[in-house]
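Enquirer: Following this message is one structure expressed as structure tokens.
The values are calculated or read from the model by the stated rules, or taken from the named source; none is laboratory data. If you're wondering where the values come from, they're calculated on a predicted model, not measured in any experiment. Please note: Cβ atoms are built from the backbone with ideal geometry, for glycine as well, and neighbour counts cover all protein chains shown.
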Amino acid sequence: MQTLKIVVTGPFASGKTTFIQSISEIDVVATERRISNESERIKNQTTVAMDFGRITIDDELILYLFGTPGQRRFDFMWEILSEGMLGFIVLVDSTRPETFREARRILETFRSYSPVPYIVAANKQDMPDAWPAEDLRIVLRVEDDIKVVPCIGTKRESVKQVLLELLYAILEIMDREA
Amino acid sequence: MALKGNLQDFGITQLLNLVNLARKTGSLYLESRQGKCMLSFREGKLIYASMDGEEESLPVLLQKAGKLTPEQVRAIQQHMAGRPDRDIAITLINSGHLKPEDIVKVVNQQTLNTVYKVFSWNDGTFRFEPTDMPPQGKMTTSIALENVIMEGSRRLKEWERLQDELPDLDASLKFAERPTTPLRDINLSPDEWRVISFVNPRNTIRQIAQSNNMSEYQIRKIVYSLLQAGIVQLVPSQRQQAAPAGAAAQPAAAAGAQAVQMRSPAVKRNVVQKLIDRIREL
């Protein structure tokens, strides 16, 4: 049995747990706690260790989706989660520009852990004040050869598309190296 | 009795506030990883600042401010060697070369530049000696501390933001592959050009600053604006790249190239294709 891992990261409350829930075939094993810090009370619960979703590919192959905790004080978990990952997705709440700087920092951190392919998903594109994906590319200073994909984390089709875009990016790099 | 303490517990802003409100006279000595600084005050006003016991002579400061030519500076150094700055200032004013306000402006600026540097010091020690005054013959000034505190705090915030944006001075720079505007169409200041001339993945930002005799604040500010303008891109330092365990150390240029290039994960192509097919089916 071979297991593969994709990491879904991003700032606090960017929608990582929902993203994984939308596609996972099992109930996401979420390790959430009620938020104790008033300044972070955008939502009632947050992930403190990791989210864990699964997609069975065939009898021999399973894809795991790991969601990182968004709060900075749990970032010691990030490196552990990134070990052996196939690629990673940086999920950004497109409606909250105050988190963009943090998103860029997270992106840089994960990039330093491993040179695997990654994409940026501009989440919550169904919200009226969402920044367009291409604007996010500029503010996050994402290079032209990295995909910035619009996303609605509550919709399975949209989440599928994000995962596929990451896998296409992996294939492109494999082809380039071949 | 000297006031003593730790900058972690009692910061520069609080110290200057104290000096200002208590209208203190004396000298404040600061020692930090970044260096040593002496600030002198008279009745709550800043009159003198010196960093690391070194300071440029008045003629050199005036030359940098464009008030004297290099030839004039050489002549002063020849004829007035060993004379205190105050005597040199009086001679320059009496000879009609400079107005008193020109000299005051340059000395003020030098004093302010020194004091603004220490606003970013958040560790080290301080000691206030009420009997110490600037060395004899040094040019002094009189600057109200309220504005210094306001401007210093503003710069500190900017400094923190710059540090946040550009945390690693051991990173290097390379020219953007596809700049939005050609370099010749961009108006750069002389200092920005000086930095541009050193852009190369083999030169760290710290080295560029050293070569151009720039402070960390100056280099961060310039690099940040060049990054924002899309003229240059960062090449992470070797430390940031966190090379895989067991990987041999590489020269900076080669390591920089590796950092910007993604590698495919250790799986076979057909495995990735399987994932794609399965996810499409979902």
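Enquirer: Restricting the first residue to segment A:118-142 and requiring it to be without any contact (Cβ under 8 Å) to a residue 24 or more places away in the chain, which pairs with a second residue that is acidic (Asp, Glu) and assigned to a loop (DSSP other than H, G, I, E, B) meet a Cβ separation below 9 Å and a spacing of at least six or different chains?
Expert: A:Arg137/A:Glu143; A:Arg137/A:Asp144
Enquirer: Consider B:Ser215 against the criteria (1) surrounded by 14 or more Cβ atoms within 10 Å (Cβ to Cβ); (2) within 12 Å of chain A (Cβ to nearest Cβ); (3) at pLDDT below 80: it satisfies all of them except one. Which criterion is unmet?
Expert: (2)
Enquirer: Please determine, by comparing only the residues of segment A:101-117 that are part of a loop (DSSP other than H, G, I, E, B) and either farther than 23 Å from B:Asp168 by Cβ or in contact (Cβ under 8 Å) with a residue 12 or more places away in the chain (or both), which one is farthest from the other protein chains (Cβ to nearest Cβ).
Expert: Checked segment A:101-117; the qualifying residue farthest from the other protein chains (Cβ to nearest Cβ) is A:Ser114.
Enquirer: Then there's this: Is it true that some residue in segment A:137-151 is out of contact with any helix residue (DSSP H, G or I) (no Cβ under 9 Å at 6 or more places or on another chain), among the basic types (Lys, Arg) and surrounded by fewer than 20 Cβ atoms within 10 Å (Cβ to Cβ)?
Expert: yes
Enquirer: Select, from B:Pro135, B:Pro167, the only residue that is modelled with pLDDT under 90, more than 30 Å from A:Asp144 (Cβ to Cβ) and assigned to a loop (DSSP other than H, G, I, E, B).
Expert: After ruling out the rest, the residue left standing is B:Pro135.
Enquirer: Which numbered condition in (1) of a type in the set (Val, Ile, Thr); (2) farther than 23 Å from B:Lys64 by Cβ; (3) modelled with pLDDT of 90 or more is the only one that B:Val104 fails?
Expert: (2)
Enquirer: Related question: Are any residues in segment B:26-69 more than 17 Å from B:Gly124 (Cα to Cα), polar (S, T, N, Q) and modelled with pLDDT of 95 or more, and if so, which ones?
Expert: B:Ser40
Enquirer: Wholly within segment B:14-99, which helices (runs of 4 or more DSSP H) include no fewer than the required count, namely at least 3 residues that are touching a Pro at 6+ places or on another chain (Cβ under 9 Å)?
Expert: Output list reads B:70-79, B:85-94.
Enquirer: Which residue out of B:Arg154, B:Arg127 is surrounded by fewer than 17 Cβ atoms within 10 Å (Cβ to Cβ), of a type in the set (Lys, Arg), free of Cβ contacts under 8 Å to residues at least 24 places away in the same chain and not in a loop (DSSP other than H, G, I, E, B)?
Expert: B:Arg154
Enquirer: A further question follows. Looking at segment A:128-136, is at least one residue more than 15 Å from the chain's Cα centre (by Cα), farther than 18 Å from A:Gly15 by Cα, more than 8 Å from chain B (Cβ to nearest Cβ) and part of a loop (DSSP other than H, G, I, E, B)?
Expert: Checked against the condition, which is being more than 15 Å from the chain's Cα centre (by Cα), farther than 18 Å from A:Gly15 by Cα, more than 8 Å from chain B (Cβ to nearest Cβ) and part of a loop (DSSP other than H, G, I, E, B), segment A:128-136 yields no hits at all.
Enquirer: Go through segment A:99-117 residue by residue and tally those that are under 18 Å from B:Gln228 (Cβ atoms) and more than 15 Å from the chain's Cα centre (by Cα).
Expert: Residues that pass the stated criteria total 1.
Enquirer: Tell me which of these A:Glu98 doesn't satisfy, since it passes every other one: (1) buried (at least 17 other Cβ atoms within 10 Å of the Cβ); (2) away from chain B (no Cβ under 13 Å); (3) among the charged types (D, E, K, R).
Expert: Only one criterion is unmet by A:Glu98, namely (1).
Enquirer: Let me ask another. Given the options A:Val92, A:Val142, A:Val120, A:Val149, name the one that is in a loop (DSSP other than H, G, I, E, B), among the hydrophobic types (A, V, I, L, M, F, W, C) and under 26 Å from B:Gln228 (Cα atoms).
Expert: A:Val142
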